[in-house]
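Encoded as structure tokens, the structure appears first; notes follow it.
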Amino acid sequence: MTVLELETDNRRVLLSCRFFIACALALFLLIRAMVYYGAFDPANKLDRLLILTFPMSLSGFTPFAVLFPLIPYATSFCDEYNSGYAKFIITRIGVKQYAKKKIFAVGLSGALAIGIPFLIVFVTIAIIGVPTTAANMSDFYYGKIWAPYAAIWGGNLVLVAKLVLGLLFGCVWALVGLAISTVATNRYVVIVGPFILYQALWRLLANLPINPLYMLRGDFGSQGQFIGSYVYILLYQTIWIVLACVAVMFGIRRRVENV
């Protein structure tokens, strides 16, 4: 795989209509909640982290968040496999390089499909919100992992930390979709499968610190404990990414082993 091929693949993803649609839909849901709860009303002197609860907790975004990383490029392998394009490329660069290229492009597209809307929303919150202080911090954050950091930079440190969680979350679920595509080469299964898995784990692992739904916001942890801490969430999502990458490498190799 050459640098030019890698850049071309990534450029095609990030300039695609599906990528823009995913970002636009996610941004719409997040901004809509801010408008509904009066975040843009100049008469409301709301602090940044209180405003943050509107898009993150009251928008209805979280239950469907897994869909947005899947839209841009998670179906690419099954599309290329069904069209015969994957076999053509693999004969040129080899299955290992092809899988690496696919993992990078899909993971990046998923991370940015969540990360870009989050970045826009968080920058907006930093501009319109009153700096969060120990005096005006919402009760929602007391006892949570964010409490010691809520007043740092007027709440902006928490915004940055949550942006990182969003990037990792998007990468995780885009790669989960890619892994599923190596088993069922049907683009509808690739979109619906991770969503069903996400919803099932949400219910089966309710109130447990291994519930993947909690990893997007990180609001479930308790202050002073490692399980549920920010480092724990970063480590947990990293493990998901590694496992998904291994599954993709194995799945693509198995699927095209006779090429």
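The values are calculated or read from the model by the stated rules, or taken from the named source; none is laboratory data. Please read all numbers here as calculations on a predicted model, not as lab measurements. A quick note on method: Cβ atoms are made from the backbone with ideal geometry, for glycine too, and the neighbour counts reach across all protein chains shown.
Numbers for the structure displayed
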{"item": "Some residue of segment 95-111 being outside any helix (DSSP H, G or I), β-branched (Val, Ile, Thr) and crowded, with 21+ Cβ neighbours inside 10 Å", "result": "no"}
{"item": "Neighbours by Cβ (under 9 Å, 6+ apart or cross-chain): first from segment 195-216, outside any loop (DSSP other than H, G, I, E, B); second of a type in the set (Val, Ile, Thr) and loosely packed, with under 14 Cβ neighbours inside 10 Å", "result": "LEU201/ILE210"}
{"item": "Unmet criterion (only one of (1) at pLDDT below 95; (2) touching a helix residue (DSSP H, G or I) at 6+ places or on another chain (Cβ under 9 Å)) for ALA247", "result": "(1)"}
{"item": "From the options PHE220, PHE195, PHE169, residue that is under 30 Å from GLU80 (Cβ atoms) and either surrounded by fewer than 19 Cβ atoms within 10 Å (Cβ to Cβ) or among the charged types (D, E, K, R) (or both)", "result": "PHE195"}
{"item": "Residue check for GLY166: touching a strand residue (DSSP E or B) at 6+ places or on another chain (Cβ under 7 Å), small (Gly, Ala, Ser) and assigned to a helix (DSSP H, G or I)", "result": "no"}
{"item": "Residue list for segment 57-72, filter: in a helix (DSSP H, G or I) and crowded, with 22+ Cβ neighbours inside 10 Å", "result": "PHE68, PRO69, LEU70, ILE71, PRO72"}
{"item": "Pairs where the first residue, in segment 126-143, is within 16 Å of GLY218 (Cα to Cα) and the second is at pLDDT below 90 and of a type in the set (D, E, K, R), C-beta under 9 Å, 6+ apart", "result": "PHE140/ASP219; TYR141/ASP219"}
{"item": "Sole residue being modelled with pLDDT of 95 or more and small (Gly, Ala, Ser), chosen from ALA39, ALA43, ALA33", "result": "ALA33"}
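For every residue, the table says whether it meets (1) of a type in the set (Val, Ile, Thr); (2) more than 22 Å from LYS45 (Cβ to Cβ); (3) within 16 Å of the chain's Cα centre (by Cα); (4) at pLDDT 95 or above.
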{"position": "ALA134", "(1), (2), (3), (4)": "no, no, no, no"}
{"position": "TYR141", "(1), (2), (3), (4)": "no, no, no, no"}
{"position": "ALA151", "(1), (2), (3), (4)": "no, no, no, no"}
{"position": "LEU165", "(1), (2), (3), (4)": "no, yes, yes, yes"}
{"position": "GLY170", "(1), (2), (3), (4)": "no, yes, yes, yes"}
{"position": "TRP173", "(1), (2), (3), (4)": "no, yes, yes, yes"}
{"position": "ILE180", "(1), (2), (3), (4)": "yes, yes, no, yes"}
{"position": "ALA184", "(1), (2), (3), (4)": "no, yes, no, no"}
{"position": "PHE195", "(1), (2), (3), (4)": "no, yes, yes, yes"}
